[in-house]
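The values are calculated or read from the model by the stated rules, or taken from the named source; none is laboratory data. These numbers come from a predicted model, not from an experiment. Every residue, glycine as well, gets a Cβ built from its backbone with ideal geometry; the counts of neighbours run over all protein chains shown. Remember, those area values only see protein heavy atoms, side chains included, never the ligands or the DNA or RNA. Shrake-Rupley method; radii C 1.70, N 1.55, O 1.52, S 1.80 Å.
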Amino acid sequence: MLAMEDGFPARADVVIVTYGCGLDLPTCVTAVRRQGPVVSRVLVLDNASPDNTVDQARALDGVDVIVNAVNVGYAAAMNQAYRLTTAPFVVSL
């Protein structure tokens, strides 16, 4: 396992870009959380989903939710999310 200079395990922010993923999001976030303390933050960036994805994301404890008014596309949304991360590593889902 990678370790930081302080001896703690390496930490990563997990970014999940969504569009119409309301049904799958809770399962995805649960799987991410099972990774333990290496995950320092879960950030869901919704790309103007037409379903209940935003409501599902906001109902999850410990998840930061960003909502785009229009679908900017996956790559642009990932770049947007990367600018909001603070951990030394980023995992994109």
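What FRET efficiency would be calculated for the residue pair D55, Q80, taking the C-beta separation as r and a Förster radius of 25 Å, to the nearest 0.05?
Working: r = 21 Å, r/R0 = 0.83.
Here the calculated transfer efficiency is 0.75.
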For this session: Please give the per residue accessible area of segment 29-93, computed with a probe of 1.4 Å over protein heavy atoms only, in Å².
Result: 58 Å²
For this session: With θ set to phi - 60°, apply the Karplus curve 6.51 cos²θ - 1.76 cosθ + 1.60 along segment 56-73 and write out the HN-Hα couplings as whole Hz, x wherever there is a Gly or Pro.
Result: 4, 5, 5, 7, 8, 5, x, 10, 8, 10, 10, 10, 8, 6, 10, 6, 8, x
Exercise. What Rg and what Dmax come out for the chain when only alpha-carbon atoms are used, in angstroms?
Worked result: 13.5, 44
Problem set entry | Relative contact order (%) - the chain, alpha-carbon pairs under 8 angstrom, separation at least six | 37 percent
Exercise. Can you put V72, V65 in order of accessible area, largest first, using a 1.4 Å probe?
Worked result: V72, V65
Exercise. Points 7 angstrom from Cα along the Cβ direction at V38 and S92: gap in nanometres?
Worked result: 2.0 nm
